[in-house]
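For reference, the structure discussed in these notes is given below.
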Amino acid sequence: HGGHCGNLMYRENVADILAVFKEEAGGAAPEGALPKTPAPTAESAEAATVSAAPGQVREPPPILSEEKAEDRAGSGELYPPAFTAPRPAAASTGAVGEGISISPSASLRSGEIEQPEVIAARRPASKPGLSYVIDVYDPIEPANRALYRFDAAFDEYLFLPLTRGYEFITPVFVQDRISGIFSNISDIRNFANALLQLRPGWTARIFTRFIINTTLGLGGMWDPATRLGFPKHEEDFGQTLGWYGLGPGPYIVLPVLGPSGLRDTVGLAADATTQYFYLYEPTDMARNTEYGAAYTGTNAIDTRHEIRFRYYQTGSPFEYDLLRLLYTKKRELEIKQ
């Protein structure tokens, strides 16, 4: 009476159950409660016929032995009438939610109920093309989820321990100076992409910021440009492609690097190639692999040090979907700006 299929008769079920409890406690049944019937015996159940109006099925009451029925009747315990759950009638129009035909009655023969005839719906009940806000184009989601778990394990057991060790042995003052140097170098990428986007205002501001921080800020260790009205503005080749109308493409989770998309992955590769020519080649880090590895490793640890995100600590059981949505919306806003 109180089960999942009883939702359609919720009010009657509640009144019915309360009546049973109050009668057992010696109280009067509440107004509106359904009448109670004595517990059926095997003889009365044999003659009972389960019937209902077209489109409904009425379940039979439980069968008790004579001894148990007499015990229940003597104690005053009564059974409520069997619950009748409405069922959809046979469909003729093919509308959503229809398409199931059930025989109007079923007879109790030899203790068994005749199974109703069920006809499958002609088309699914869900609307085709229905989308939700959290949906993102992710055609390789199983592979992306596997890479997400890999990135979480890599971050937990390798990347974060290295980052914590760096934060432990390096004073905060030194950490800030190192972060400033890497931030100043990244303004070269920002300047190049603002120039490619043909945005003279942003190009001039980024160039001015780079000059001020390189000279007055001693290579970027300090950031006087922000105090002078030239704040940091991030640009990359993925944003440049989006600026010219290229869509984000399918969502991709990159090993170690995390959330991305097809367009942003191409942009990331283009920025890395460009950095090789304006940084690694002029500074001879392309040939001195020890220096190049030290720079790349320190840059990676500093980047992780600046990111406060921790895997599986968002408090959401749908963290993958949440992060995918946030990344996609963040990139859309960055391109619009």
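The values are calculated or read from the model by the stated rules, or taken from the named source; none is laboratory data. Because the structure is a prediction, the values reported are computed rather than measured. Positions of Cβ are backbone-derived with ideal geometry, glycine not excepted, and every protein chain shown enters the neighbour counts. Keep in mind that these areas ignore ligands, DNA and RNA; they rest on the heavy atoms of the full protein, side chains included. Shrake-Rupley method; radii C 1.70, N 1.55, O 1.52, S 1.80 Å.
Applying the set (1) assigned to a helix (DSSP H, G or I); (2) aromatic (Phe, Trp, Tyr); (3) modelled with pLDDT of 95 or more to residue 291 leaves exactly one unmet item: (3). Here residue 159 fulfils each of the conditions (1) open to solvent by less than 50 Å² (accessible area, probe 1.4 Å); (2) closer than 23 Å to residue 277 by Cα; (3) modelled with pLDDT of 95 or more apart from (2).
Scanning segment 167-186 for residues that are open to solvent by 70 Å² or more (accessible area, probe 1.4 Å) and among the β-branched types (Val, Ile, Thr) gives 169, 172. Selection of segment 232-268 for residues being more than 23 Å from residue 304 (Cβ to Cβ) and either assigned to a loop (DSSP other than H, G, I, E, B) or open to solvent by 60 Å² or more (accessible area, probe 1.4 Å) (or both) yields 243, 244, 245, 246, 247, 248, 249, 250, 262, 266.
Annotation: of all residues in segment 143-156 being among the hydrophobic types (A, V, I, L, M, F, W, C) and surrounded by 13 or more Cβ atoms within 10 Å (Cβ to Cβ), the one that is farthest from the chain's Cα centre (by Cα) is 154. When residue 264 is tested against (1) under 26 Å from residue 197 (Cβ atoms); (2) of a type in the set (D, E, K, R); (3) modelled with pLDDT under 95, just one condition goes unmet, and that condition is (3).
Among the candidates 164, 189, the residue that is surrounded by fewer than 17 Cβ atoms within 10 Å (Cβ to Cβ), in a helix (DSSP H, G or I) and not aliphatic (A, V, I, L, M) is uniquely 164. Pairing each residue of segment 283-296 that is farther than 14 Å from residue 182 by Cα with any residue that is in a helix (DSSP H, G or I) and open to solvent by 70 Å² or more (accessible area, probe 1.4 Å), provided the two are 6+ apart or on different chains, yields C-beta distances under 6 Å for 285/291. Taken over segment 311-337, the residue count meeting the criterion of being in a loop (DSSP other than H, G, I, E, B) and open to solvent by 60 Å² or more (accessible area, probe 1.4 Å) is 7. Scanning segment 212-226 for residues that are more than 14 Å from residue 187 (Cα to Cα) and open to solvent by less than 60 Å² (accessible area, probe 1.4 Å) gives a single hit, 224.
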